[in-house]
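The values are calculated or read from the model by the stated rules, or taken from the named source; none is laboratory data. These numbers were taken from a predicted model, which means no experiment stands behind them. All Cβ positions, glycine included, derive from the backbone under ideal geometry; neighbour counts span all protein chains shown. For the accessible areas, the whole protein counts, side chains as well, though only heavy atoms, and no ligand, DNA or RNA atoms are used. Shrake-Rupley method; radii C 1.70, N 1.55, O 1.52, S 1.80 Å.
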Amino acid sequence: MMKPITICAVILSISTLFLFSCKDQAKKASFKNIKTVADLTQHSLEFSKRVEKVTDGVYVAIGYGLANSILLEGDDGVIIVDTMESIETATDVRNAFKQITQKPIKAIIYTHNHADHVFGASAFTDGRHIPVYAHITTSSYIDRLINILRPIITKRSMRMFGNFLDADGLVNAGIGPKLCINKDSVIGVVRPTRTFEDTLTDEIAGIRFTMVHAPGETPDQIFIWLPDKKVLLPGDNIYKTFPNLYTIRGTQYRDVTKWVQSLDKMRALRPDYLVPSHTGPVSGSKKIYKILTDYRDAIAYVHDQTIRGMNMGLTPDELAVTVHLPPLLAKSPYLQEFYGTVEWSVRSIFDGNLGWFDGNPTTLFPLSPLEHAKQMANLAGGETKLQNQAETAFNDKQYQWVLELTDHLLRLNPKNQKAIDLRVKSLIALGENQSNPNARHYYLTCAAELGQGLAIQQLGKPTEEMVHSLPMKGFFDSLAVNLDAEKSADMNLIVGFIFPDSGENYTVHVRRGVAEIQPRLMKNLDITVTVPSTIWKEMLAKLRNPITTIATDFDIEGGKIRFLKFMALFSPEYEQS
Ligand SMILES: [Zn+2]
């Protein structure tokens, strides 16, 4: 059994780990045209916890976590498509699948890199080396998700998924009941072993399947086609809400034109069964064709009309209030704005095609936020009068305007308690009335952060194997983006790393606030460090105390104190106390 370790903080940030366990939900939903929070509550029925038989040999587990997991049963074994967000939820699913068949798991397929599809994988392998299929780029996206980037994406994910909210705040997560990871959960990604670029056809346990690269919700997205049963597994390129053409947790541009093309490839197959990785399956060729057509038309409409407006010179703010789905598409149960929204999509399409500059010369060099706040206070006749305006706006239920005014007030005085109170109450009012879960959770979580001092923590415990399996490059990439530019402004230091167990070498050259990383030993090293790669990775993952580990497990030429000072440039925890 793999031993869980704690991995957290500066160097490794797990970006989507959450707090609550899942509960069973009630029966399946019938469609309503959702505009109110009551309808969001009704939408929870979509995720009633169950394993649904789609057709012979095809089963889908729904409501166990944020995503579905799909069981394909063959002659003498099974394939698992998508593996949940943690080992706990994956084990729950696996136990449910065992009620259907005891046949051994012979392969895993990831539809894409997102945490809710890959973090539970090792619950299905029992440490065995079974084939793991994915797109050729999926590993690199998993690594980015895990090891470098962004405490900020973690924080924004937690706000968006509402994991710090109670059941009144978190009705459901739009595409699933909730992301089911708590601080004690263990995650275990198994790295893909069978990858492809465009398409790959294979056969496992008598199941013939074709995987097709289908960029959309992610650039590495694939769909899986079972020709013998006419079953289509579209991954996250379609689910029963308006697609997340942009995600507010933060993402690179999602290429919506490619997304439409991917949906067209799926339509051309004329599937009899559609089994998405979120929300329930659909049967019936005609019905599925209409759903896929509506979906691709909606994405194409938003894209095309945004571009048309851009060419007329409209700005993102202007486009956001002018582009709306036409009535027939707006009625589709698959296009209700429970996850993505048209407005956010419009802004993303503008940004993805023209970048941040909206074309208005006013925004070339805008006033700094503080100067803007000062000018707003002047305009109002002073800070007190600006605050009076905010109070009036709150009493008039103009909550968005309260947010904009309190932005200024809190820039002028971050401790302005009256402004804080007005802002918190407005965030709650906006959240409570918001039927888009992502926006709802974001408002309510920000209210708790500001009003109750909620501190969002990074959570999660990857397995030791998972930490060791992460490529060394990611650990060094993470160093570069954690460099303290002020402390290293006048420094010129070259440190070489030798990892005898893996045969890898790296050099970090810190100069003038930049860390150049090279995957080899450079000349003229000031310090040379020799250490097993596993110990280095565990230390950066905070499994090991850095000071004692460096003292006992590192062979250092060039001075241990000097090396500790070097490490402290990336994290203050390396300072000797
Ligand atoms: Zn997903």
### Query
Hey, any hits in segment 250-272 for a residue that's at pLDDT 95 or above, within 16 Å of the ligand (Cβ to nearest atom) and over 23 Å from F161 (Cβ atoms)?
yes
### Task
Tally the residues that are part of a loop (DSSP other than H, G, I, E, B) and open to solvent by 10 Å² or more (accessible area, probe 1.4 Å), restricting the search to segment 93-112.
6
### Count of segment 311-328 residues which are open to solvent by 50 Å² or more (accessible area, probe 1.4 Å) and not acidic (D, E)
9
### Query
When segment 122-163 is examined, which residues are found to be modelled with pLDDT of 90 or more and outside any helix (DSSP H, G or I)?
T125, R128, H129, I130, P131, V132, Y133, A134, H135, I136, T137, G162
### Pairs where the first residue, in segment 115-131, is away from the ligand (no atom under 16 Å from the Cβ) and the second is of a type in the set (D, E, K, R), C-beta under 7 Å, 6+ apart
A123/R94; F124/R94; I130/K106; P131/R194
### Query
Given L232, L165, L200, which one is among the hydrophobic types (A, V, I, L, M, F, W, C) and open to solvent by 40 Å² or more (accessible area, probe 1.4 Å)?
L200
### Query
When you go through L540, L564, L493 one by one, which is the residue that is open to solvent by less than 40 Å² (accessible area, probe 1.4 Å) and under 23 Å from P151 (Cβ atoms)?
L540
### Summary
Going through segment 78-112 in order, the residues found to be modelled with pLDDT under 95 and either touching a Lys or Arg at 6+ places or on another chain (Cβ under 6 Å) or within 12 Å of the ligand (Cβ to nearest atom) (or both) are E85
### Task
Might you let me know whether segment 212-227 holds any residue that is surrounded by fewer than 22 Cβ atoms within 10 Å (Cβ to Cβ), within 16 Å of the ligand (Cβ to nearest atom) and more than 17 Å from Y289 (Cα to Cα)?
yes
#### Entry: Selection within segment 346-368 - without any contact (Cβ under 8 Å) to a residue 24 or more places away in the chain, of a type outside the set (V, I, T) and assigned to a helix (DSSP H, G or I)
P361
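Filter segment 310-345 down to residues that are touching a Gly at 6+ places or on another chain (Cβ under 8 Å) and part of a helix (DSSP H, G or I) and give me whichever is nearest to G216 (Cα to Cα).
In this case the residue turns out to be L319.
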#### Entry: Test: residue in segment 132-151 that is within 30 Å of L40 (Cβ to Cβ), surrounded by fewer than 24 Cβ atoms within 10 Å (Cβ to Cβ), within 16 Å of the ligand (Cβ to nearest atom) and not hydroxyl-bearing (S, T, Y)
yes
### Summary
When segment 152-190 is checked residue by residue, the ones that are within 15 Å of the ligand (Cβ to nearest atom) and closer than 20 Å to I62 by Cβ are F161, N172, A173, G174, I175, G176, P177, K178, L179, C180, I181
